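The values are calculated or read from the model by the stated rules, or taken from the named source; none is laboratory data. All values derive from a computational prediction rather than experimental measurement. No Cβ is skipped: glycine too gets one built from the backbone with ideal geometry, and neighbour counts run over all protein chains shown. These area figures cover heavy atoms from the full protein model, side chains too; ligands, DNA and RNA do not enter into them. Shrake-Rupley method; radii C 1.70, N 1.55, O 1.52, S 1.80 Å.
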Amino acid sequence: MLHTFYPVLPDLGWLERMVPLGVKTVQLRLKDVDDREIRRQIAAALELCAKYDCQLIVNDYWKQAIDLGADYIHLGQEDLADADLAAIKAAGLKLGLSTHSREELETALKAGPDYVALGPVYETKLKKMKWTPQGLARVTEWKSLVPCPLVAIAGITVERAPDVLAAGADSLAVVTDIVTHENPEERVEEWLEFVASRG
């Protein structure tokens, strides 16, 4: 199950800091590591998340996610083209897909995802995007088009969160607001207080 808020974090060390605070869904987005390290970090992340009753979403590495018994995988459009969807479904993994345009949404929906992510909602400084900010009207539009939960990502802060949820997002994936914050733990606690205040 996806929760209202979840951090997207770059490695196991970040998960070890944030998951014990009470985060209930987290995405592990590893970059530039070899297969052995990918497997080590996913296995340890699964163990950590089981201990704290947190849902782990593995980004990109679907083969390793299947082998290690993960239950959520998130793929970008490029990764989707190379992925074995039948193997992912046969293993019982839930599938999340990134979308940035109507064409990508059509491609994503054909794959029968368990959630669709839309981004960038706002400008993001963490990675260079070829897509301009989608804005809240696009969130509302996407919500009317998808038969599954809608995740909004990019440039989302605690302060912007109420507007994004009001526009139709079911879940908010948060990267920059946490990993570039001067006190990431404190910021995650602010997010958790926000979620709790919504009941």
Matching residues in segment 11-20 (in contact with a Leu (Cβ under 7 Å, 6 or more places away or on another chain) and either assigned to a loop (DSSP other than H, G, I, E, B) or open to solvent by 30 Å² or more (accessible area, probe 1.4 Å) (or both)) number 2
With T180, T124, T157, T176 as the choices, which residue is free of Cβ contacts under 8 Å to residues at least 40 places away in the same chain and hydroxyl-bearing (S, T, Y)?
T157
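Results for (1) open to solvent by less than 60 Å² (accessible area, probe 1.4 Å); (2) part of a helix (DSSP H, G or I), shown as yes or no for each residue.
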{"site": "V26", "(1), (2)": "yes, no"}
{"site": "V33", "(1), (2)": "yes, no"}
{"site": "I38", "(1), (2)": "yes, yes"}
{"site": "A44", "(1), (2)": "yes, yes"}
{"site": "E47", "(1), (2)": "no, yes"}
{"site": "A50", "(1), (2)": "no, yes"}
{"site": "E78", "(1), (2)": "no, yes"}
{"site": "A87", "(1), (2)": "yes, yes"}
From K143, K130, grab the single residue that is more than 27 Å from E16 (Cβ to Cβ), out of contact with any Ser or Thr (no Cβ under 7 Å at 6 or more places or on another chain), surrounded by fewer than 14 Cβ atoms within 10 Å (Cβ to Cβ) and basic (K, R).
K130
Where residues in segment 102-127 are acidic (D, E) and over 23 Å from H181 (Cβ atoms), which of them is least open to solvent (accessible area, probe 1.4 Å)?
E104
Look at L95 and say whether it is in contact with a helix residue (DSSP H, G or I) (Cβ under 8 Å, 6 or more places away or on another chain), more than 29 Å from S144 (Cβ to Cβ) and surrounded by 19 or more Cβ atoms within 10 Å (Cβ to Cβ).
no
Identify, by number, the condition in (1) open to solvent by 70 Å² or more (accessible area, probe 1.4 Å); (2) in contact (Cβ under 8 Å) with a residue 40 or more places away in the chain that P149 doesn't meet.
(1)
Right, G92: of a type outside the set (A, V, I, L, M, F, W, C), at pLDDT 95 or above and more than 24 Å from M18 (Cβ to Cβ) or not?
yes
